[in-house]
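Visitor: What follows is a single structure, and I will ask about it in a moment.
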Amino acid sequence: MTTTAAAAGTRRYTGTFPADPAQVRQARAALAALLRDWPLADDAILVASELAANSVRHSSSRDGGEFTLRAEVHPGHLRIEVEDAGGPWHAGPRDDGRPHGFDVVEAIAGSRNWGVDGDARGRVAWARLAGETRVSILPPAADAARVSCSLADHPRWSAYWDKKHGLWRVAEDDPDSDLYAESRDADTVIGYITAHA
């Protein structure tokens, strides 16, 4: 785990974690310490959580490997990336109509501010967030933190705040599952996840 100060106001973090669902929480906590004063820390932590969870669930790292979280904080923007061992890749939308991890990343970062680079031997999923120009799409920080903690405890679930409709959307990350819910209330979302875990 490395945190460095670089050129005029730039901070960097690198941490490598076992590809275990419980380690997503550790990665998120490490990033939170780096972003304590960044304007969109909650958005960034949720993006990092989704990227790390995707790596743990879907990459070849999940078979006893590891993932690396990197963050570079500049005065006006932040770049987050998660590197893993690659594996099979199934790009494109799923036909179940539910949001998944990269849907959450795109909802927060925007369609041109995230991507996945690499191949079956190794991939880097990344996102760029503008700290001064974008309005946060998240509900109050306390609600976002509680939902994010619930997702860490139940890694087969995804949730995001739909700004347009002002509600949480939550779904199980299983193409064969039809478990999906919407609510304006974080406690309802957490209860739904817990009840169906």
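Every number here is computed from the coordinates shown, using simple stated rules; none is lab data. Predicted model only: the values in this text are computed from it and were never measured. Please note: Cβ atoms are built from the backbone with ideal geometry, for glycine as well, and neighbour counts cover all protein chains shown.
Visitor: Just one of [x] 26, 22, 14; [y] 24, 21, 15; [z] 30, 20, 16 is semi-axes √(5λ) of the Cα gyration tensor in Å calculated from these coordinates, so which is it?
Guide: Computing semi-axes √(5λ) of the Cα gyration tensor in Å and matching it to [x] 26, 22, 14; [y] 24, 21, 15; [z] 30, 20, 16 gives [y].
Visitor: I've got another one for you. Pick out which of Gly122, Gly64, Gly101 has the largest mean-square fluctuation in a Gaussian network model of the chain, springs linking Cα atoms closer than 10 Å.
Guide: Gly64
Visitor: At what distance in nm do the modelled label points of Ala142 and Arg79 sit from each other, each positioned 7 Å from its Cα along Cα→Cβ?
Guide: So the label points at Ala142 and Arg79 sit 3.7 nm apart.
Visitor: Between Asp185, Asp43, Asp84, which gets the highest mean-square fluctuation from a Gaussian network model of the chain, Cα cutoff 10 Å?
Guide: Asp185
Visitor: Please compute the length gained on full extension between Arg11 and Ala197, using 0.36 nm multiplied by the number of residues separating them and subtracting their Cα-Cα distance.
Guide: So the extension gain works out to 63.2 nm.
Visitor: Name the long-range amide H neighbours of Gly87: under 5 Å, sequence gap of 5 or more, or other chain; modelled H, no Pro or chain starts.
Guide: Ser60, Ala120, Arg121, Gly122
Visitor: Still on this structure, please answer the following. Just Pro140, Pro18, Pro39 to compare: in a GNM of the chain, with alpha carbon springs under 10 Å, which one fluctuates most?
Guide: Highest fluctuation of the listed residues: Pro140.
Visitor: Using a simple spin-label model with points 7 Å from Cα along the Cα→Cβ vector, what separation in nm is obtained for Arg57 and Cys149?
Guide: About 2.1 nm, to one decimal.
Visitor: How charged is the neighbourhood of Ser61? Take every other residue with its Cβ under 11 Å from the Cβ of Ser61, and add Lys/Arg as +1 and Asp/Glu as -1.
Guide: That sum, taken over residues with Cβ under 11 Å, equals -2.
Visitor: On to the next question. For the chain, with only Lys/Arg (+1) and Asp/Glu (-1) charged at the beta-carbon, what is the dipole magnitude about the Cα centre, in debye rounded to 20?
Guide: Here the chain has a charge dipole of around 660 debye.
Visitor: Right, another one. Which one of Thr14, Val116, Leu51 has its Cα pushed farthest toward the positive end of the charge dipole of the chain, where Lys and Arg give +1 and Asp and Glu give -1 at the Cβ?
Guide: Thr14
Visitor: If we count every other residue with Cβ under 12 angstrom of Glu50's Cβ, Lys/Arg +1 and Asp/Glu -1, where does the sum land?
Guide: Neighbourhood net charge equals -2.
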